[in-house]
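Since the structure comes first, as structure tokens, the remarks are kept for the end.
The values are calculated or read from the model by the stated rules, or taken from the named source; none is laboratory data. For clarity, every value in this text was computed on a predicted model and none was experimentally measured. Cβ: placed from backbone, ideal geometry, glycine included. Neighbour counts: every protein chain shown. Remember, those area values only see protein heavy atoms, side chains included, never the ligands or the DNA or RNA. Shrake-Rupley method; radii C 1.70, N 1.55, O 1.52, S 1.80 Å.
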Amino acid sequence: MSAENLAGKWTRKSGRTLFDSITCVVFLFLDFLDAVLCVVFKLVDEFFEGNACTPCYCGKAGDKNGENKETEMLSESLYGRKYMLRNMGFLGFARKWRIYRKKKDDRDGSVNEGLMVNRWSDCGCQSCVSWMKKEYDQKLHVVVKNLPQGRGDEAAENVIFLHGFLSSSSFWTETIFNNLSESVKDHYRLFAVDLLGFGRSPKPNDCMYTLLDHVERIDKSVISPFHLNSFHLVAHSMGCLIALALAAKYPKFVKSVTLVAPPYLPCAKDGATTSLMALNTFAGKTLWPPLAFGKSVMSWYEHVGRCFCVLFCRNHRIWEMILKLFTLRRELNFMEVDLTRHTHHSAWHNMHNVICGAAKLMDKYLEILNKSRSVKVCIIHGDHDMEVPLDCSNNMKKKFPELVELNMIENVDHTSVILGRVREFAKSLQHIWASS
């Protein structure tokens, strides 16, 4: 090997070592900061909310008590996230404080009440708390595109659209709804759902936002009240996992399932391993690129992430006004608005209990659909997707070759696979529905 090649190899190795060292130091600091913020938020929450404050997940996996249906749906990534300082036994004061408060509450006979009240760290504007009104009866916000007047709904086909993480029904209503052909609009009734915890749907603080919660809310908000006994499903990103759970519950009702960038991982023998693997795959600890660093911070550090939500989500109206002033726009893009229309509690639990926790259930749901032989599963994935690896779709196709149809789109990423080719995507949906 020449001296020039040796020098280049040594430079690359040194650069990699330096980058890994900086990464280790940054996340070591974040570990320390999160532990300190845990105590700070405990004190502030108890001052503003008393015994109604929601517990955090700074304890160990053994702190998860009970074996009921709800706890089984909780993701192991909530408690199984590894922290360098805490794993070495340092910074135990946050956990000791939590145990002390729990023992004190038990002695005093205190219970967690009033979790339906808006938290001090969440936005209290009209649009963010409108779901708390009695007339909303906790149903999801659903945008319905009915058939033209004069046509009976009985003969219509139905399509349910599910958005992805940190999004809303606008992802579909502002794009696909306006680009479907007139013949489709005359024969299909469209439902775009704000998933639990996002958009204008409820964001309760006493909810764990598990896959079961999402399926039950969609059932009560769409399927049952509209008497749907046949429908298609279209979903993006996180919504794909909920769509598969719905399809597995109603295999005789579902005609087709279209998944765009599904965050699928083959299930390991140990479900906990699958959930933690999902966390590392979709939000692994890294400093670069910046978007990936932001995801890792928000997904691994509960209290650091809550600080960002207090700053941006609680004050989203101020930031929207500032953005309008700087961009000289009267209206913001729906994606800019949706990014902060959630609470930390809802985003945190959706990330862990749906994206990570549901990973261990996907093979079971796909096996149900595979045995039914009546449901068509179509995957659409951009080959430049940096959010969900291409291996996710390839692995699903490899494991269920007869069930899954894979369509890889060139030169598009996680969002441009739809937003960058809206008309083409609408045409592909029409073809899938017509052939099902």
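Of note:
- Test for D219: is it of a type in the set (D, E), modelled with pLDDT of 95 or more and either at positive phi or open to solvent by less than 50 Å² (accessible area, probe 1.4 Å) (or both): yes
- Flag for H384 being open to solvent by 50 Å² or more (accessible area, probe 1.4 Å) and assigned to a helix (DSSP H, G or I): no
- Number of positions in region 233-269 that are touching a Lys or Arg at 6+ places or on another chain (Cβ under 6 Å) and crowded, with 24+ Cβ neighbours inside 10 Å: 0
- Helices (runs of 4 or more DSSP H) fully within region 194-313 counting 2 or more residues that are over 30 Å from L37 (Cβ atoms) and not hydroxyl-bearing (S, T, Y): 211-218, 238-249
- Restricting attention to region 223-239, the residues being at negative phi and over 20 Å from the mean Cα position of the chain (by Cα) number 9.
- Whichever residue in region 41-56 is part of a helix (DSSP H, G or I), in contact with a helix residue (DSSP H, G or I) (Cβ under 8 Å, 6 or more places away or on another chain) and of a type outside the set (S, T, N, Q) and, among such residues, is most open to solvent (accessible area, probe 1.4 Å): E46
- Scanning region 387-432 for residues that are of a type in the set (F, W, Y) and buried (at least 17 other Cβ atoms within 10 Å of the Cβ) returns a single hit, F425.
- A count restricted to region 274-294 and to residues that are more than 15 Å from the chain's Cα centre (by Cα), in contact (Cβ under 8 Å) with a residue 40 or more places away in the chain and closer than 24 Å to L361 by Cα stands at 3.
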